[in-house]
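To keep things clear, I will list the structure first and then write my remarks on it.
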Amino acid sequence: MESALRPSLAPAADQPASPRTQDYWLKDARWDRTFILGGALLVPVPIIVYYLCRALGLDMAGAEDVVTAMVMVFVGGPHVFATYTRTWLNPDFPRRDRLWFLLSFPVIALVAGSAVASAFFDSTILGFPPTQFVMTFFFFWAGVHIVHQASYCAACYEEKRSARVGGVPRQRLWNLVDYALMLGCLYPMSLFRMSMVDPSSPGQVAAAPNALATQLLASLGASPDFIDAYVFRIGRVAPILPPFLMHELMWIGVSVLFFGALVLFVVKTRRELRTQSLNRPRFQLIVATAAVGFAVPWFPNLDSAFQGFNAWHSFQYLGLLWLMNRRSYESGEIRTRLVQRLTEPGSAKRYYGTGLAVTVSMIGLFFAFGWLIQVWSGGEFLLFGHGEPKLDPATGAPLYRPGALLLAYYMLGFGFLLVHYLHDGVFFFRTRYVLGERSAA
């Protein structure tokens, strides 16, 4: 890689790149095609597992739990653990990024406190349990986080290109089209389905009959039951949606912007093919991300569909964090024995195995704490939840009574996921962590 970054070997910026210099891999072709692009093959797996579970007789909640557990164990949990090899397990992190280190703790406290207030004190804010606000924030941040990671990889590919053939201002301007395509891919169909929600329905689980999206589905022959099931919800939680997000102009406007970006992307790609300047790894990543992001919100069950996208994201992230740590190891920046053991040559299996072991241990902790909640509550909370929602005897309104296992996760583990998002919001603006100090700012 070092020879690829020497300015003396770079062709003039106004000359077409040779076929060899079109391959601006982060590590090498095989590694990038496996970890950056290859994880896209995982996207259908959770979706298939969900419908297979339904065909075998599991109800919707049970099938979603199977999918969530599968993704969490094999890639989701290990990818969150990988973050902390660069933060809490890195003694330089509190010194170099003191603000982000300190912000970790109020995030964890806020998430755990919201769960306690919602479940044990029946607190509400504007009629909703505090945890529902946290989950709404999570829904939107998760989508941004996934696309931010893909955009970060695209930026690293462009840094490799600039280091080899020189930067071109016009090219950088055209690259904004790539980011618009990736950032916009999730929202045309997601906002379409949000616009269907009837705010007056209990739990916001029914479709508004006068919504344009509802009428479009009805005109295509969709049944009322299908239309109600197609409103935007993930799992058993309906996010709190502000009225402007549910306005039909939102999904129409975002769709116009997305397809406009797609047209410009095609124009840009044709131009780069003509001048032999196409950055092929970046192009492949953008096409895969936009295609997957656009497709997943179409599936009726959003929980399993987004878990498919999450599986690719987590697998890609495991590769990225391994590469970041390898660069730091090679430059002598890693000074803790544990992280050195997870990063030294030949440690890839140990790196993944440690993340897997931590994940399984945490799940065991959630089960144990969930069982204690069930015992202490005298059956008010059951480990896997009640079949029918428990109602407030005074008002008849449904009470917030998630399964004790899910509540234990909200209290003990969910905050660490949001801290992972917080820290990556910083790391994903620093391409040098992947490319090395010499090649990026």
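Just so you know, all these numbers are worked out from the coordinates, no wet-lab data involved. As the structure is a prediction and not an experimental result, all values here were calculated from the model. Please note: Cβ atoms are built from the backbone with ideal geometry, for glycine as well, and neighbour counts cover all protein chains shown.
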Once phi for every residue in the range 173-189 is put through the Karplus expression 6.51 cos²θ - 1.76 cosθ + 1.60 (θ = phi - 60°), the whole-Hz ³J(HN,Hα) values, with Gly and Pro written as x, are 5, 5, 5, 4, 4, 4, 5, 4, 5, 6, 5, x, 5, 6, 8, x, 7
Treating only the Cβ of Lys, Arg, Asp and Glu as charged (+1, +1, -1, -1), what charge dipole size does the chain show about its Cα centre? Round to the nearest 20 debye.
1960 debye
Using θ = phi - 60° and the Karplus curve 6.51 cos²θ - 1.76 cosθ + 1.60, what whole-Hz ³J(HN,Hα) does each residue of the range 146-153 get, with Gly and Pro shown as x?
4, 6, 4, 4, 5, 5, 5, 4
Treat every Asp and Glu Cβ in the range 274-333 as -1 and every Lys and Arg Cβ as +1, leave all other atoms uncharged, and give the resulting dipole magnitude about the Cα centre to the nearest 20 debye.
340 debye
Amide H neighbours of Val197 at under 5 Å, excluding residues fewer than 5 places away on the same chain, with H built from the backbone geometry, are Ala208, Phe232
Cα-based helix-to-principal-axis angle, 280-295 vs the chain, degrees rounded to 10
10 degrees
Provide, in order from the shortest bin, the percent of all Cα-Cα pairs of the chain in each 20 Å bin, continuing until the bin that contains the maximum pair distance.
23, 54, 22, 2
Helix 348-376 sits at what angle to the longest principal axis of the chain, using alpha carbons and giving 0 to 90 degrees rounded to 10?
10 degrees
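Output the relative contact order of the chain, whole-number percent, from Cα pairs under 8 angstrom with separation of 6+ residues.
29 percent
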Using θ = phi - 60° and the Karplus curve 6.51 cos²θ - 1.76 cosθ + 1.60, what whole-Hz ³J(HN,Hα) does each residue of the range 271-277 get, with Gly and Pro shown as x?
5, 5, 5, 5, 8, 6, 10
Separation of alpha-carbon centers, the range 58-84 and the range 213-264, rounded to whole Å
26 Å
Put in order of increasing Cβ neighbours within 10 Å, starting from the fewest, Trp25, Trp88 give Trp88, Trp25
What is the order of Ser328, Ser304, Ser200, Ser361, fewest Cβ neighbours within 10 Å to most?
Ser200, Ser361, Ser328, Ser304
In degrees, nearest 10, range 0 to 90: what is the angle between the Cα axis of helix 98-120 and the longest Cα principal axis of the chain?
20 degrees
Count neighbours as other Cβ atoms within 10 Å of each site's Cβ, and list the chymotrypsin sites (Phe, Trp or Tyr not before Pro) in the range 104-147 that are DSSP loop with at most 13 such neighbours.
Phe121
Of Leu212, Ser314, Gly332, farthest towards positive along the dipole that unit charges on Lys, Arg, Asp, Glu beta carbons give the chain:
Gly332
Radius ratio Rg over Rh of the range 66-170, counting only Cα atoms, Kirkwood formula for Rh:
1.10
